[in-house]
Amino acid sequence: MTSNRQQLIGLLEQNAIDESKINDALIISKVQPSKHHWVHFFNQLLAWLGGLAITFSVLFFIAFNWHEMGKFAKFALVEILIVFAIVAYYQLNKLAQKTSKSLDDSNPPPLKSIIPTVSESVVKVPLFMAAVFFGVLLALFGQTYQTGADPWQLFFNWALLILPWVVIGRLGALWMLWVVLINVSILLYYLNFGGRLGWFINQELNALWVILLFNIVALACWEGFSRHYHWLKARWAPRLLAVVSGACITWLMVGSIWSFTHDSYLHSAFKELGFLPITIWPLWLLAMYVCYRHYQKDLFMLAGTLLSANIVIINYVSAYWLETLEEIGLLLISNMMIAMAAGSAIGLRKINKEWQS
């Protein structure tokens, strides 16, 4: 399907639009944002930057004045901020619903673009702040009373306790915060605690596999539910999940390649892997290509898939051909990197043209 930009370019080449109407055509076709869109963008940007600034200022304030502030003052500060954030979310949500209802009932369509409204994303900034403050409260409690809990339990309990807010909030950033907390808790569980739930003796391998599986499931659920819920339409979140899962499987594949070379420092760390990544990695590549080439068209995902393939191929050549070919091997690898990068760019450009035609 031809994009609005290409259709507009075609009309301009045919002189079908008067020069005095070009700016209006750019705005109507959404090639150029209107003033209302710019106001909406800066409204969200400033709201999120302000919320994050307040959140991090509280963290730094408590850390800097740790010895000067009493423990009850610390708890009171964080708890009051949590209450204020929840109240602010409630009031903003009520204001947004009231404004939206009044616009739908009483105002004509031209007037709706003039009256300022509170966007759904801005409404949920205080809820996101409350979720972060709750983690600060848990960390403060553990540090003050020295509960002796393992670090992974802090992040897991944090994710568990804010889950009702995450479900109620219906905000992609809140869900991504929850996913990050689960990932951190998994990583700390295996690396620091020495988790008992694993298939390998090396805890780093167990952490990589569990994080890989969790993020693949999260990515599949996100893409599936995004077809039914508009607040999951933003592409940055599934792309971030794909980056994490792709980095894990690529690193496992690279470790598996080098584990078969006995003189490699990765041999001892990854020798348990065997051929398991060699079986999983091609399936991951195939699934990513089919899903994002034909169903959910996303050039970023295809670019990441090609990057993973390029990294694995270069490591395979380096592991088994470099020592044999010596200096010529370095030249070969350099030319291969250039050729694969150029081929990937040409392939992605061809796919993009095919989608736009």
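Sort all Cα-Cα distances of the stretch 277-342 into consecutive 10 angstrom bins from zero, then give the percent of pairs in each bin up to the one containing the longest distance. With a bin width of 10 Å, the distribution comes to 20, 40, 28, 11, 1.
The GluC sites (Glu not before Pro) of the stretch 276-351 that meet both conditions, a loop assignment by DSSP and at most 11 other Cβ atoms within 10 Å of the site Cβ, are Glu326. Full extension of the segment from Leu95 to Leu283, taken as 0.36 nm per residue of separation minus the current Cα-Cα distance, would add 62.8 nm. Site pair Phe61 and Ile351 shows an inter-label distance of 4.8 nm when each label is modelled 7 Å from Cα along Cα→Cβ. The calculated FRET efficiency for the pair Ala73 and Leu160, based on their C-beta separation and a Förster distance of 30 Å, comes to about 0.65.
Go ahead and run the numbers for FRET between Tyr145 and Leu49, Cβ-Cβ distance against an R0 of 25 Å, rounding to 0.05. It would help to have the intermediate numbers written out before the result.
Values: r = 34 Å, r/R0 = 1.37.
Using R0 = 25 Å, I get an efficiency of 0.15.
All of the numbers you see were taken from the coordinates with simple rules; none came from a lab. As the structure is a computational prediction, the values presented were derived from the model and not from experiment. Glycine also receives a Cβ, built like all others from the backbone with ideal geometry; neighbour counts cover every protein chain displayed.
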